[in-house]
Structures are given as structure tokens and as C-alpha cells.
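The values are calculated or read from the model by the stated rules, or taken from the named source; none is laboratory data. Values in this document were obtained by computation on a predicted structure and should not be read as measured data. FYI the Cβ positions are ideal-geometry reconstructions off the backbone, even for glycines, and counts take in every protein chain you see. The protein model used for the area step is the full one, side chains on, heavy atoms only, and it has no ligands, DNA or RNA in it. Shrake-Rupley method; radii C 1.70, N 1.55, O 1.52, S 1.80 Å.
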Amino acid sequence: MKETGPMEETAPERDTAQAGTGSAAGRAAEPLLELSGLEKHFPITSGLVFKRQAGRVHAVDGIDLTVHAGETLGLVGESGCGKSTTGRLVARLLEPTGGSIRYGGRDITHASRRELRPIRAEIQMIFQDPYSSLNPRHTVGGIIRGPMEINGIDPPGGRDRRVRELLEIVGLNPEHYNRFPHEFSGGQRQRIGVARALALDPRLIVADEPVSALDVSIQAQVVNLLQRLQRELGIAFLFIAHDLAVVRHFSQRVAVMYLGKIVEIADRDSLYERPRHPYTHALLSAVPEVGLESAPGTGPRERIRLAGDVPSPIAPPSGCRFRTRCWKAQEKCAAEEPPLVRLEGNREGHLTACHFPEAPTVHGRDVVLDPALA
Amino acid sequence: MSTPFLSVQDLTVDFHTEDGVVHAVDGLSLGVEKGTTLGVVGESGSGKSVTALAVLGLHNPETAKLSGEILLDGRELIGAPRSVMERIRGAKAAMIFQDPLTSLSPYHTIGKQIGEVFRRHTGASRAAARDRAVEMLTRVGIPQPKLRVDDYPHQFSGGMRQRAMIAMALVCDPDLLIADEPTTALDVTVQAQILDLLRDLQEQTGTAIILITHDLGVVANTAHEVLVMYAGRAVERGTVREVLGEPHHPYTWGLLASMPRLGAPVDVPLRPVRGAPPSLINVPSGCPFHPRCDYPALAGPGLCRAERPELSPHRGHGDACHLTLARKQEIVGTLVQKREIVR
Ligand SMILES: Nc1ncnc2c1ncn2[C@@H]1O[C@H](COP(=O)(O)OP(=O)(O)OP(=O)(O)O)[C@@H](O)[C@H]1O
Ligand SMILES: Nc1ncnc2c1ncn2[C@@H]1O[C@H](COP(=O)(O)OP(=O)(O)OP(=O)(O)O)[C@@H](O)[C@H]1O
Ligand code: SF4
Ligand code: SF4
Ligand SMILES: [Mg+2]
Ligand SMILES: [Mg+2]
């Protein structure tokens, strides 16, 4: 069903392939998406009449990431650490202030609208909010047709047929074509968003908290749907979410962000079972679970309470950004920024940015707790 | 027993639409005592937010028809004059809204919006209101609050906006706080921080809290009692231990089974409740869950279709399902054994 492949000219240009920054997982195949040193700073102004620039929000501050064709990279991290900004940079809804974005082997960092046209179709975004991201005055059919009309794409058999096909793919009834978004529940609306994102046969979908607003049952439906689409259509995902259990379920690799930086990245099992960065430990320990009777042998999990406040992205701490809240911080942490590297004992592709990493735990639950913070 | 601080009896909320009457809330009763938290969970569209808005008198009387009884501290709120409701909102009862972007005005700074609520209820000066706004932003963990108090909502991340909303709801130390998905937009460490904050507030001021959430883990960790809603009705109610440890209603089982868990195998697809959410215009007859339920056959021939099960008893652990208690316990036992439900 992907045979339409509308944009032959955007096929990866192998000859321009480069090793990038060297932080990539070292796979043979060229990544579909490659971010190097990507940066987005927002100016902050103060003063009502005479606006002065009072500082800059270092929303995304030099990150390296790769996403391979057909895989899901989960992106998690503190609220405000720059996940949505990263997603919007990738979808080219924001202009980066530094670094580069390569897609299919081609530098699109500052590509013009015209240059982006063919790629725009291939990179789609699903937004968190199923309420405000659909135009209430358009029918479902109109919403899903939209991207085809804007991009002047005529699928074989016509746009209407394609829309009905898409409705079926996402598990909606083609009879819903002429209904309006307010007649649908949150979960159904989210599927409309998915159908719209699929309209142009994307190769990469940036999904910014696509299931956060949904109840667990509908969340399960949508996650199963995305998983099936990935399997059947080979779509790659940059999957941003807060729910670590959902991320674990849907991602092959996971990156953890803190204050504009990637602090740890690894394949799923390695990250959840052998986290090395203290912040990853803290995150995993804070997941609220239903378990009234904990699983045999594991005992109740202790939550690491992070001391202190979230530092400001306007003036991030020197050295390691996590140091103001880290129970292992030492002088070196303030003086030197820890590089994102593979630590001894870690699997290939498991990178951590920490001077004094935690021991690789056998199980994600064996969280090392500093008694001083209890 | 005396009436609880907030007592809702037999609440119905109907919306008259072109397609027909939407029965968004259909005979709901609940009670919350001071100093306790009631967790409300349930399907999207089951009437959780509509109930919350009814308590705060925020429905448009033109389109929403309410009946039943809502007593806050012994005072009837249904049909109360607007001026009374305005005084109650913010000071006595406050709400954290589900969608922070549409409930914050894009045209005013965050600090101004928080300060305004404070000024309206306390008559404080502008300067005092601004100080209070900074204090509240600090309490909800916004870094550099003095600088960011003058930001507009679009300059905040999703989670920061949510925290600003929380600051606004808490600015007058309300007696009743309704938190509608307060932490959905937040990462787990900030979520834990906010839940701690709500707990501290509760300890200090004895606030009664209604916590609406789809995260059963959050409920397990913060609520005292739980109410499970389906199609505008309460289908199960009890303490956290009762409802999550000994769930009795098939819909509650469905919720627990569809949850992704950190320890679960990843190659098995998640298990949503089968079928589609019910129409609220033509609500299924009898038990509204029957078209999606796996057990009507065990309840007796035709019973689930014909007769609406009532929530029983009036206090303590109760559920609205025709199955016998022994049958429910047997089924839960099997589901736990198959590890479809973890408790
Ligand atoms: N237009 C803007 N102007 C100024 N600052 C901004 C703007 N957009 C985002 N920011 C800031 O950039 C930082 C990162 O925001 P971003 O939305 O990427 O966070 P996030 O990781 O998605 O957080 P959340 O999990 O809360 O959604 C925040 O400090 C935010 O306030
Ligand atoms: N103004 C309105 N007019 C018509 N129907 C409405 C209106 N407001 C809400 N409804 C309907 O009432 C039902 C209950 O909605 P409500 O917002 O309470 O759901 P909820 O339980 O909060 O769901 P969610 O978890 O998705 O937030 C839904 O079917 C909704 O479509
Ligand atoms: S580098 Fe230092 S401060 Fe940063 S996480 Fe590691 S130990 Fe903690
Ligand atoms: S009353 Fe019948 S249909 Fe309803 S939940 Fe119980 S068994 Fe299922
Ligand atoms: Mg975000
Ligand atoms: Mg709601």
C-alpha cells in the first residue's frame, strides 16, 4: 500500500552520507534522521515599552540523535526540557539556532519552504491535544484530505477513496467521513489525527504525547494501532511521552533528556534494566504503579526524591546540568560537562553523560537510594 | 452519618443538541470528606469533567440541564445565584482544568492571571498580588519565578502551563479542589512533586480533593477512595485497596487489564476493552456496559440487557453489576492468575 511513493527525488542520497558526529550507534545503514549539535534558543524580553533581551531560554542545547528507518525512538524527560521543541525542529515548524538536521542523507537544517516541499510530506506530526489540533469547522473527510490538497497529491483512485481507506486503517468507520470533530470522543479524535498524519505516506512521524490525554483503554487502542502501522508500513517514529511504561512498550530505543541535553540513550532493554544516569534512575523510580502487592521478590520500590528546584533553562548550571539535584555530584561535575559516551559494561549504543554513573543494575527496580534524600 | 463536606446526590446533566439529548451524567452520587482525596477514573467521555463543571456551576444553563443535589458544606449549589457561585469559585472551591492552554488567556501574563484571582477574593494590592503570584510559581516548581512571572502562556512548555494552572487554583487555599487530569502533561518526577504539593496542602488546610485522572497508578498512590465511571454513572466505588485490590466490576477489570506496565512483556499487544464507547444519546438498555462485557451470560439470561444494575450499598465498597459476589471473586482470581490484572 506504500507503492504510491510520491517523492522519488527524495530517496536517500547515499553518496552524501557522512559519519556525523560519531555519537551514532554505529550501525551500518544510514539513519533516516540525524540531528547533530541541534540547538534552539528562545530570546526572553523584559520591559513593557522598551523591550530588552533579558536572556535566552536554552530550550534545546546541542543534541545528537539518530532515528533509523522503521524504528521508534522514545524521547522522555523533565517537563520543559525541550522535547516538544526538538519535535517541532524535526518537523521544521521551528527554525534551529544552531546545529544540523539531516533527513535521508540530506541537510535540511535551513532548507527553504520550496526545498522542503517534497520532504514535508514524509515527515508528519501527531499532536498531543486531540481537541485543539483539529479544525472544528471541517468535516473529518476534509481534515484528512487537507494535507493532500495542500501538497497537490492525487493518489490513484482519487483523494476521497484514499480518505476512506485511511479511515479504515485507523479503525474508524468510512461513514464518519462527513461528521465533525466534536461528534467524536477523545480517542476517536486522536485517530483522526493519525489518519491525517498518514495521508501522505510519511516515513517519519513525530508523535508529541499522542496518548497522554486518553484513558488507558483508548490509549491501548492507539498504541496498538501505531505499532501495527509501524509493522505494516515501516514508518519511523520519534515518540515523545511522559508515561515510561508506554514508551517502553512502543520504542526500540529510548533517549532521556534533561534541560536541553540528552543525558542517556540506549536500546529499550538496556535503558530500563541497566540505567546508568542518576536522572534516569530518578525517573524510573518515580513511576506510580498500581501494584498494591508488588511482584514477588522485588519488594516495594523506593522513590528517589529529587532535591532542589528544576534549574532554569535561561541560566543552566555549569558542567553537568543535573548536578544541582544529583546526590552524587562532586566538584568535577560543576567544572566539566560530562560527554555522552559508552561506559564500561554497557551495550553498544548505550550512551550516558555522567562522570560518576550508577552501577549497572540487574533490574530497573534496584534503584540506588541516597539515604540523605529519603 | 452526617453529610460529607461535598455531597452529590443523583446528579444528572443533559445536553440538548441537534441530534438529541446527550445524557452526560446519569444519576451520579458521590461524597468527599475534608482532608481526603477521591480519585475519579473512567472512560474518556464518561462524564468526569462534566460532573466537575457541574459542582463549580460552570455549565451554560442554556444548553445544560442539571437535576439532583450538590451540597457543599451543607449548602445547595444547583440553582444557586451566579453571584454566590462566583464567590465560592476560587476561594472555597477551585478547579485545575484539563486543558491548560484553553483555560489560560493568551493575552495576559501568567503572573497577572494568578494575581487577579487573588485580588478578586482578597482585595489585595497589585504589588501584593504579584508577590503572591511569584510565591505560588515557586511552590509549583517553576524555575526563576521572578523572571518568568511576566511570561505569556505560549512561552511556557506544556508542563509549565499546567503548573501555572495549579498555582492559580491554589492561590486562595480552597476548601475543595477539583483537579481534572492535573498531572497528565507532566513528567513523572514533576508529577510526583505536584502530588506531594497537593498532599501537603491537604495536610495543612484539610482541603477535600477530587482527583480526576486516567492514571490508575496516580490513584493508587494518592487517593483514599476511588469512583469508577462509565457512561455517566458510577459503576464501582470504594477505598483504593478495595477497588484496585478486589475490583468487582467488569469495566474496572477492563481498565486494569489495558494498562501498560513497566514489568510486563513488551511483545504482547496491549489489551483494550473491546468495542466502542457507548452512545450517550441512545444509552444501551439495562447495564450500559453490556455490549462490551464478556460476562452477561453468567449473570442470567437477558438480565444485563433488561435491567439496570444499581450501585450498592450506599457506603463502602459497592458496584453496579448483576453478577454474584462469588462469581466476581472467582473471575478476578482467574484474571490475576493469568496476569491480565496485577494488583
Ligand atoms: N516560544 C517560546 N518562547 C520562549 N520560550 C519557549 C518557547 N517555546 C518553548 N519555550 C521554552 O523552552 C523550554 C522547552 O520547552 P518544550 O515545550 O520543548 O518542553 P517539553 O520538554 O516539551 O516540556 P513538556 O513535557 O512540559 O511539554 C521551556 O523552558 C519553554 O518555556
Ligand atoms: N457542551 C456539550 N454539548 C454536548 N455534549 C457534551 C458537552 N460537553 C460534554 N458533552 C458530552 O458529554 C460526555 C461527557 O464528557 P466529559 O467531558 O465529562 O468526559 P470525560 O469523562 O471528562 O472524558 P475525558 O477523559 O476524555 O476528559 C461526552 O460524550 C461529551 O461529548
Ligand atoms: S555528572 Fe555528576 S552531577 Fe551529573 S549526573 Fe553524573 S554524578 Fe550527577
Ligand atoms: S451487569 Fe452484566 S453487562 Fe453489566 S457489567 Fe455486570 S455482567 Fe457485565
Ligand atoms: Mg511538550
Ligand atoms: Mg475530561
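Observations, loosely collected:
- Among the GluC sites (Glu not before Pro) in segment B:241-325, those located in a DSSP loop and surrounded by at most 16 other Cβ atoms within 10 Å of their own Cβ are B:Glu307, B:Glu310.
- Charge context of B:His23, other residues only, Cβ under 13 angstrom, K/R +1, D/E -1: 0
- Protein-protein interface of segment B:239-265, residues with accessible area decrease of at least 50 Å², isolated chain reference, 1.4 Å probe: B:Pro260, B:Leu262
- Spin-label model, A:Asn135/B:Ala326: points 7 Å from Cα along the beta carbon direction are separated by 6.2 nm.
- Taking N as the residue count of segment B:102-173, its C-alpha radius of gyration divided by 2.2 N^0.38 Å amounts to 0.96.
- Candidate residues B:Tyr295, B:Tyr107: accessible-area rank, largest first, probe 1.4 Å: B:Tyr107, B:Tyr295
- Restriction of the GluC sites (Glu not before Pro) in segment B:3-97 to DSSP coil positions whose beta-carbon has at most 13 other beta-carbons within 10 angstrom yields B:Glu18, B:Glu62.
- For segment B:102-173, relative contact order (Cα pairs under 8 Å, six or more residues apart, normalised by length) works out to 42 percent.
- B:Val268 paired with A:Asn151, simple spin-label distance in nm, labels 7 Å along Cα-to-beta-carbon: 3.8
- Three principal axis extents of chain B based on alpha-carbon atoms, in descending order, are 69, 48, 43 Å.
- Accessible carbon and sulfur surface of segment B:243-337 relative to its total accessible area, %, 1.4 Å: 56
- Between the helical axis of B:82-91 and the longest alpha-carbon principal axis of chain B there is an angle of about 80 degrees.
- Each Cα pair under 8 Å and six or more residues apart adds its sequence gap; the mean of these over the residue count of segment A:126-242 is a relative contact order of 34 percent.
- For the chain pair B and A, the buried solvent-accessible surface (1.4 Å probe, both sides summed) amounts to about 4600 Å².
- Under 12 Å, Cβ to Cβ, from A:Glu95 - net charge with Lys/Arg +1 and Asp/Glu -1: +3
- Inter-chain Cβ neighbour average for residues B:213-219, partner chain, 10 Å: 5
- Unit Cα scatterers, Debye sum, the protein assembly as shown: log10 I(q)/I(0) for q = 0.05, 0.06 Å⁻¹: -0.24, -0.35
- Cα-based helix-to-principal-axis angle, B:158-170 vs chain B, degrees rounded to 10: 80
- Given R0 = 45 Å, the distance between the Cβ atoms of B:Ser103 and A:Leu343 translates into a calculated FRET efficiency of 0.50.
- Each 10 Å bin from zero up to the one holding the largest Cα-Cα distance in segment B:193-343 carries the following percent of pairs: 10, 36, 35, 15, 3, 0.
- Computed from the C-beta positions of A:Ala69 and B:His154, the FRET efficiency with R₀ = 30 Å rounds to 0.30.
- Principal axis extents of the Cα atoms in segment B:77-229, from largest to smallest and rounded to whole angstrom, are 42, 39, 29.
- Legend: mean number of C-beta atoms from other chains within 10 angstrom of residue C-beta atoms, peptide A:219-226, equals 5.
- Average accessible surface area per residue within segment B:223-321, 1.4 Å rolling probe, Å²: 43
- Burial annotation for segment B:305-343: residues with an accessible-area loss of at least 10 Å² between the isolated chain and the complete set of protein chains, computed on heavy atoms with a 1.4 Å probe, are B:Arg339, B:Val342, B:Arg343.
- Per-pair calculated FRET efficiency, R0 = 60 Å: A:Glu336 and B:Ala127 via Cβ, rounded to 0.05: 0.90
- When A:Phe356, A:Phe250 are compared by accessible surface with a 1.4 Å probe, the order from highest to lowest is A:Phe356, A:Phe250.
- For segment B:39-71, a reduction of at least 10 Å² in accessible area between the chain on its own and the assembled protein chains (probe 1.4 Å) is found at B:Glu43, B:Ser44.
- Degrees, to the nearest 10: B:188-205 long Cα axis against longest axis of chain B: 80
- Portion, in percent, of the accessible area of segment B:166-205 that falls on carbon or sulfur, probe 1.4 Å: 42
- Taking chain B and dividing mean pair separation by its residue count, relative contact order in percent (alpha carbons under 8 Å, at least six apart): 19
- Whole-Hz Karplus values for segment B:269-283 come out as x, 5, 10, x, 5, 6, x, 10, x, x, 6, 9, 8, 10, 5 Hz, taken residue by residue from phi with 6.51 cos²θ - 1.76 cosθ + 1.60 and θ = phi - 60°; glycine and proline positions read x.
- Across segment A:188-213, the residues whose backbone nitrogen lies under 20 Å from the label position 7 Å along the beta-carbon direction of A:Asp160 are A:196, A:199-200.
- Among the trypsin sites (Lys or Arg not before Pro) within segment A:64-172, those in coil by DSSP and having at most 10 neighbouring Cβ atoms inside 10 Å are A:Arg137.
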